[in-house]
Amino acid sequence: MLTTYNRKRTESVWWNLLWLTVGAFLMTVCVQGVAAPHNFLAGGVMGVALLLTYWAHGLPPLVWYLALCLPIYVIGWFLLGRRFLLYTFYGTVAMNVFGQFLQFELSFTNDVYAALVGGVLNGAASGIMLRTLGSSGGTDVFAILLKERWNIPIGQFNFLFNATLFLIGAFRLPADLIVASILMMFVASQTLEYVLGMFNRRKLVLVISSRGEEIGEAILASERYGATMIRAKGAYSGTDREILLTVTNNVALKRLENLVYTIDPHALFIVENTFYVSGGQFARGGR
């Protein structure tokens, strides 16, 4: 019942629009309040938009971003999933709407501090938007298209695109700003990974015991998480063992440990951190 509810929620239109709106707001704060005032470059199409703003001194970066993304979305409309593109287009439009009202600068006298804050905002925004059925747009659409059509790795495409972009930017921007921009994008990538996994991180528990079936039944009776039994044999003793595998969270971990040792004081209780868990009793992420 809980799994069905979580799945319906993550596929709900209003749920996706809510988080796309939050992500668009954070991205707007990053661009309008940090990146553009400090002449930083970003990765992807947003970086191209910022570079055009510095060169042309006309349109704001978010308007350039929308103009650059439109032909990409038109191509993607015929070659990618339309639901994904509609959500992504909404996020891009939302950024431009916020950009009309958020006209301010976060005051930093040190470019390093600005790069750190900008990276956190950028990564958090991208991660939140990727947790939906859409994305933050730009090169995400191209990267997915190239991956599906010609099996070009997404990471490889993004690296080559951004390397070329920063190389071009180096001819027009001071070296200090290029280094600060690279720092901002590094922080953004780390924050993105954290945001993508923060709601799905769990503890993977392995219990090696001769009373594995009894422990498994106790877990099913007292916890809402499932368990998997793996038959095994001790390499030294040659005796039969059961390896019980289950996934839990920090709150229930100590309770689970107490339950195991109450049944078998000689059990081996192993805990591993997991980066991402999806499906089963746990909510699925975007797409």
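The values are calculated or read from the model by the stated rules, or taken from the named source; none is laboratory data. Keep in mind the model is a prediction, meaning the values are calculated, not measured. With ideal geometry, Cβ positions are generated from the backbone for all residues, glycine too; neighbour counts draw on all protein chains shown.
Need a quick list: strands (runs of 3 or more DSSP E) entirely within segment 165-265 having at least 3 residues that are β-branched (Val, Ile, Thr).
Passing ranges, in order: 203-209, 240-248.
You will find that of Glu213, Glu193, the residue that is on the phi < 0 side of the Ramachandran plot, at pLDDT below 80, among the acidic types (Asp, Glu) and out of contact with any Ser or Thr (no Cβ under 8 Å at 6 or more places or on another chain) is Glu193 and no other.
Return yes when Ser136 is closer than 30 Å to Thr262 by Cα, outside any helix (DSSP H, G or I) and of a type in the set (S, T, N, Q) and no when it is not. If you could, list the steps in order and put the result at the bottom.
Values: closer than 30 Å to Thr262 by Cα: no; outside any helix (DSSP H, G or I): yes; of a type in the set (S, T, N, Q): yes.
Judged against the criteria, Ser136 is not a match.
In segment 183-200, is there at least one residue being in contact with a strand residue (DSSP E or B) (Cβ under 8 Å, 6 or more places away or on another chain) and not aromatic (Phe, Trp, Tyr)? Within segment 183-200, one or more residues are in contact with a strand residue (DSSP E or B) (Cβ under 8 Å, 6 or more places away or on another chain) and not aromatic (Phe, Trp, Tyr). Scanning segment 46-57 for residues that are touching a residue at least 24 places away in the same chain (Cβ under 8 Å), under 24 Å from Ala143 (Cα atoms) and more than 18 Å from the chain's Cα centre (by Cα) returns Gly47, Val48, Leu51. Exactly one residue out of Glu193, Glu213 is over 17 Å from Leu50 (Cβ atoms), in the same structural domain as Leu79 (by TED's automatic domain parsing) and of a type in the set (D, E, K, R): that is Glu193. The one condition from (1) farther than 18 Å from Val29 by Cα; (2) assigned to a loop (DSSP other than H, G, I, E, B) that Leu86 does not meet is (2). Considered as a group, the residues in segment 219-245 that are at pLDDT 80 or above and in contact with a helix residue (DSSP H, G or I) (Cβ under 6 Å, 6 or more places away or on another chain) include one that is surrounded by the most Cβ atoms within 10 Å (Cβ to Cβ), and that residue is Leu244. Of everything in segment 159-216 that is farther than 30 Å from Pro265 by Cα and among the β-branched types (Val, Ile, Thr), the residue that is surrounded by the fewest Cβ atoms within 10 Å (Cβ to Cβ) is Thr164. For segment 100-120, does any single residue satisfy the condition of being part of a helix (DSSP H, G or I), under 22 Å from Ala180 (Cβ atoms) and among the charged types (D, E, K, R)? Yes - at least one qualifying residue is present in segment 100-120.
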